[in-house]
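This report concerns only the one structure given below.
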Amino acid sequence: MAFIAALASSAIAVSLPARSAQDVFTPAITSPKAGDIWNVGSSQTVTWDASNPPAQLTNNIGQIMLVKNGYTTPVVLAAGFPILDGSATFVVPNVINGTNYAVQLFGDSGDLSPAFTVIGSNSFF
Ligand SMILES: *[C@@H]1O[C@H](CO)[C@@H](O)[C@H](O)[C@H]1NC(C)=O
């Protein structure tokens with residue numbers, strides 16, 4: 001058992017790239033704001049503060065996922081953009097009407113926006 005644990009921890013140590021705490025970039029999301037309303041089919045821009053990146057970024061490519069009730073959904077809103085752009089624009093997909101949506105910005109780390117509402121869908125369930 002101890003051998004397996006030692007094996008597992010050494011495997012983890014080998015597979016992780018060397019990084020220090022200040023290399024992790026978690027820029028604050030500045031839009032959407034709490035209570036915003038997105039219409040299905042409308043163009044929306046997520047913005048974040050990219051003004052203070054670390055000297056070395058472990059991952060400089062961003063991806064934005066849709067979150068509902070605190071759970072990250074499989075819906076990719078935008079992907080493949082430079083994280084230092086500070087914004088990404090996309091068309092809101094046809095998801096069910098609801099409150100408590102959020103977006104999660106992935107790069108080095110995952111950052112969550114405040115909750116907003118999506119309306120305008122003809123889909124239910
Ligand atoms: C979703 O919201 C829109 C706009 O408020 C409304 O017209 C539509 O009927 C709603 N869809 C459902 C399935 O309730």
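The values are calculated or read from the model by the stated rules, or taken from the named source; none is laboratory data. Being a predicted model, the structure only gives us computed values, none of them experimental. All Cβ positions, glycine included, derive from the backbone under ideal geometry; neighbour counts span all protein chains shown.
Is at least one residue of the stretch 106-117 touching a Leu at 6+ places or on another chain (Cβ under 7 Å), assigned to a strand (DSSP E or B) and either over 15 Å from ALA50 (Cβ atoms) or within 16 Å of the ligand (Cβ to nearest atom) (or both)? Lay out the reasoning, then the answer.
Here is the first cut: in the stretch 106-117, the ones touching a Leu at 6+ places or on another chain (Cβ under 7 Å) are 108, 111.
Among the residues that remain, those that are also assigned to a strand (DSSP E or B) are: 111.
Still in the running and either over 15 Å from ALA50 (Cβ atoms) or within 16 Å of the ligand (Cβ to nearest atom) (or both): none.
Within the stretch 106-117 (the criterion being touching a Leu at 6+ places or on another chain (Cβ under 7 Å), assigned to a strand (DSSP E or B) and either over 15 Å from ALA50 (Cβ atoms) or within 16 Å of the ligand (Cβ to nearest atom) (or both)), the answer is no, since none of the residues qualifies.
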Go through (1) of a type in the set (Val, Ile, Thr); (2) surrounded by fewer than 16 Cβ atoms within 10 Å (Cβ to Cβ); (3) assigned to a strand (DSSP E or B) and name the single condition ILE96 misses. (3)
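For the stretch 77-86: of the residues being surrounded by fewer than 14 Cβ atoms within 10 Å (Cβ to Cβ) and more than 15 Å from PHE25 (Cα to Cα), which is farthest from the ligand (Cβ to nearest atom)? It would help to see each step written out before you state the result.
Within the stretch 77-86, the subset surrounded by fewer than 14 Cβ atoms within 10 Å (Cβ to Cβ) is 79-80, 82, 85.
Restricting the remaining residues to those that are more than 15 Å from PHE25 (Cα to Cα) gives 79-80.
Values: ALA79: 26, GLY80: 30 Å.
Going through the qualifying residues, I end up with GLY80.
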Kindly evaluate THR26 against the criterion of being within 16 Å of the chain's Cα centre (by Cα), more than 16 Å from the ligand (Cβ to nearest atom) and modelled with pLDDT under 90. yes
Pair list, Cβ < 9 Å and 6+ apart or interchain, from the stretch 107-125 residues that are free of Cβ contacts under 8 Å to residues at least 40 places away in the same chain and closer than 14 Å to VAL92 by Cβ to residues that are hydrophobic (A, V, I, L, M, F, W, C) and within 16 Å of the ligand (Cβ to nearest atom): ASN122/VAL40; SER123/VAL40; SER123/VAL95; SER123/ILE96
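Restricting to the stretch 87-105, what's the tally of residues that are within 16 Å of the ligand (Cβ to nearest atom) and of a type in the set (Phe, Trp, Tyr)? Can you show your working first?
Step one: filter the stretch 87-105 for residues within 16 Å of the ligand (Cβ to nearest atom), giving 92-101.
Among the residues that remain, those that are also of a type in the set (Phe, Trp, Tyr) are: 101.
Here the count works out to 1.
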